[in-house]
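Student: Below are the structure tokens for one structure; questions will follow.
The values are calculated or read from the model by the stated rules, or taken from the named source; none is laboratory data. Only a predicted model underlies this, so the values are computations on that prediction, with no experimental measurement involved. Here the Cβ positions follow ideal geometry from the backbone for every residue, glycine too, while neighbour counts run over all protein chains shown.
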Amino acid sequence: MSYEHILVAVDLTEECDPVIKRARAFAVASGAKLSLVHIVEPMAMAFGGDVPMDLSQLQQQQFDQAKERLERLILKYPEVTKENSHLTYGQPRQEIHHLAKEQHCDLIVVGSHGRHGLALLLGSTANDVLHGAPCDVLAVKLVKNS
Ligand code: AMP
């Protein structure tokens, strides 16, 4: 199976390395283009939408920090160019699907913790991205270090 454009969804933690490495191996094997995306979730959304204080400064700090981390990742993985790395506000599932369609990606790669219990009930980003995805989705199993 050969892919042309692979989109890697990164949470910008140290856990994104195995996800990018797996995607990179696929990209090399297929001669595919490799793109990265990180979504900054609006803080108000995390608090349920109704917050009685101004979060704009904190939100900007969060965005700037994510931008810095994404730039560091690009330096680490030179096959990803600045043009192919995307940082946006929103809901991860929605934004990842939107970008995959817009950029004509044929594979989305995400990390998966294979959660159990309550987290399983609440779902995960990998699960969320899988539903209604516009293309194939690869969930890379993340192994706990501890
Ligand atoms: P989670 O279910 O939130 O632990 O995340 C599992 C995987 O979803 C991560 O390894 C990333 O591939 C992806 N992911 C989680 N959060 C984000 C985000 N804010 N932006 C892009 N991808 C994300």
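Student: Looking at the range 13-24, which of the residues that are of a type in the set (A, V, I, L, M, F, W, C) and at pLDDT 95 or above is nearest to the ligand (Cβ to nearest atom)? Spell out how you get there, then give the answer.
Tutor: Here is the first cut: in the range 13-24, the residues of a type in the set (A, V, I, L, M, F, W, C) are 16, 19-20, 23.
Of the ones still in play, those that are also at pLDDT 95 or above are 19-20, 23.
On the way: VAL19: 5, ILE20: 9, ALA23: 10 Å.
Looking at the filtered set, the residue picked out is VAL19.
Student: For the range 52-64, check the following and say yes or no: at least one residue is touching a residue at least 40 places away in the same chain (Cβ under 8 Å), among the hydrophobic types (A, V, I, L, M, F, W, C) and within 15 Å of the ligand (Cβ to nearest atom).
Tutor: no
Student: Between ALA44, ALA66, ALA100, ALA119, which is modelled with pLDDT under 95, surrounded by 13 or more Cβ atoms within 10 Å (Cβ to Cβ) and not in a loop (DSSP other than H, G, I, E, B)?
Tutor: Exactly one residue qualifies, and that residue is ALA44.
Student: Name the residues in the range 18-35 that are of a type outside the set (Lys, Arg) and within 16 Å of ALA139 (Cβ to Cβ), would you? Let's see the steps before the verdict.
Tutor: Residues of the range 18-35 of a type outside the set (Lys, Arg): 18-20, 23, 25-32, 34-35.
The answer is PRO18, VAL19, ILE20, ALA23, ALA25, PHE26.
Student: In the range 2-27, which residue that is without any contact (Cβ under 8 Å) to a residue 12 or more places away in the chain and not in a loop (DSSP other than H, G, I, E, B) is farthest from HIS104 (Cα to Cα)? I'd like the intermediate steps shown before the answer.
Tutor: Let us first name the residues in the range 2-27 that are without any contact (Cβ under 8 Å) to a residue 12 or more places away in the chain, namely 13-14, 17, 21, 25.
Remaining after also requiring not in a loop (DSSP other than H, G, I, E, B): 17, 21, 25.
On the way: ASP17: 24, LYS21: 21, ALA25: 20 Å.
So, considering only residues that are without any contact (Cβ under 8 Å) to a residue 12 or more places away in the chain and not in a loop (DSSP other than H, G, I, E, B), the one farthest from HIS104 (Cα to Cα) is ASP17.
Student: Could you please find all residues in the range 83-115 being among the basic types (Lys, Arg) and either under 20 Å from ALA25 (Cα atoms) or near the ligand (Cβ under 10 Å from one of its atoms) (or both)?
Tutor: ARG93, ARG115
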